[in-house]
Each structure stands twice: as structure tokens, then as C-alpha cells.
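Written out below as C-alpha cells is the structure these notes cover.
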Amino acid sequence: MEISGYRFMWILAMFDLPTETKKARRDYTLFRKHLLKNGFMRMQYSVYIRHCPSRENATVHVDRIKAHLPPDGEVRVITITDKQFERMLIFLGKKRKQPEPTPLQLELF
């Protein structure tokens, strides 16, 4: 099988959740921990990403997000190909931070 940047997918999960009450903070924490437990990593504040070996695998992880949505707030999910992700432009301020590296190997399940 040929490795193609059009086969591999990235999932971006972006969310804006309330944190005014104790219950809302708990819901926020549980949702964030669910993302981390399922292989997502923080890209920016309230933006998490996950690399997937195929569109089918990405669909599985999107369905997991749907199953664990908090009762309030807003969650947006987008899937893009590895080729689209590599064309992302990154603009940095005075504090320089290296962008996250592209995974070097396939995930094994």
C-alpha cells in the first residue's frame, strides 16, 4: 500500500464551553480528558487535534466525540487530509514555539 497524504486524516476539535458553575467546570474537564484519553493533543487553547490513518478511523473518533458532548456550550469538529494540514500557515509572536511534528509512524490498533 502506498503512503499518501490524501489518505491520512487530521481531526480538529474546537470548543467553547461554559465554566461559570462547578458543574460546568466539571463538564469541561470531563470533555477535555475524554479527548486526551482518545489520542487528541492540545494544539491551542480549546483546540485539540488527532492524527488518523484513514477517513474510516477519523469517523470512529468523531463519533466518540459526539457520544461525549457536554450538555452546554459549542463543539465544532472538522476533518482534513494530511496534505491540507501541512499547508497550514503558522504565525508566531515574540515567544517562539516549535509546531507539533507530524507523526512518523502509523498507529497500530
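In square angstrom, rounded to the nearest 10, how much accessible surface does M43 have for a 1.4 Å probe?
It works out to around 40 Å².
Under a straight-distance cross-link criterion of Cα-Cα below 24 Å, which lysines are reachable from K22, leaving out those fewer than 8 residues away in the same chain?
K33, K37, K66
Select from the range 1-89 those chymotrypsin sites (Phe, Trp or Tyr not before Pro) which occupy a DSSP coil region and have at most 16 other Cβ atoms within 10 Å, ordered by residue number.
Y6, Y45
At a probe size of 1.4 Å, how large is the accessible area of H68, to the nearest 10 Å²?
Approximately 100 Å² of H68 is accessible to the 1.4 Å probe.
Measure of size requested: the Rg and Dmax of the range 1-94, with Cα atoms as the atom set and Å as the unit; please supply both.
14.7, 51
Treating cross-link reach as a plain straight distance, find the lysines whose alpha-carbon is under 29 Å from the alpha-carbon of K94, omitting any fewer than eight places away in the same chain.
Within the straight-line cut-off, K94 pairs with K83.
As an exercise, identify the GluC sites (Glu not before Pro) in the range 1-69 lying in DSSP coil whose Cβ has no more than 10 other Cβ atoms within 10 Å.
Qualifying residues, ordered by number: E2, E20.
Put K37, K83 in order of accessible area, largest first, 1.4 Å probe: what do you get?
Final ranking, largest accessible area leading: K37, K83.
The values are calculated or read from the model by the stated rules, or taken from the named source; none is laboratory data. Being a predicted model, the structure only gives us computed values, none of them experimental. So basically every Cβ, Gly included, is an ideal-geometry build from the backbone, and we count neighbours across all protein chains shown. When the accessible area is computed, the model is the full protein with side chains, heavy atoms only, and any ligands, DNA or RNA have been set aside. Shrake-Rupley method; radii C 1.70, N 1.55, O 1.52, S 1.80 Å.
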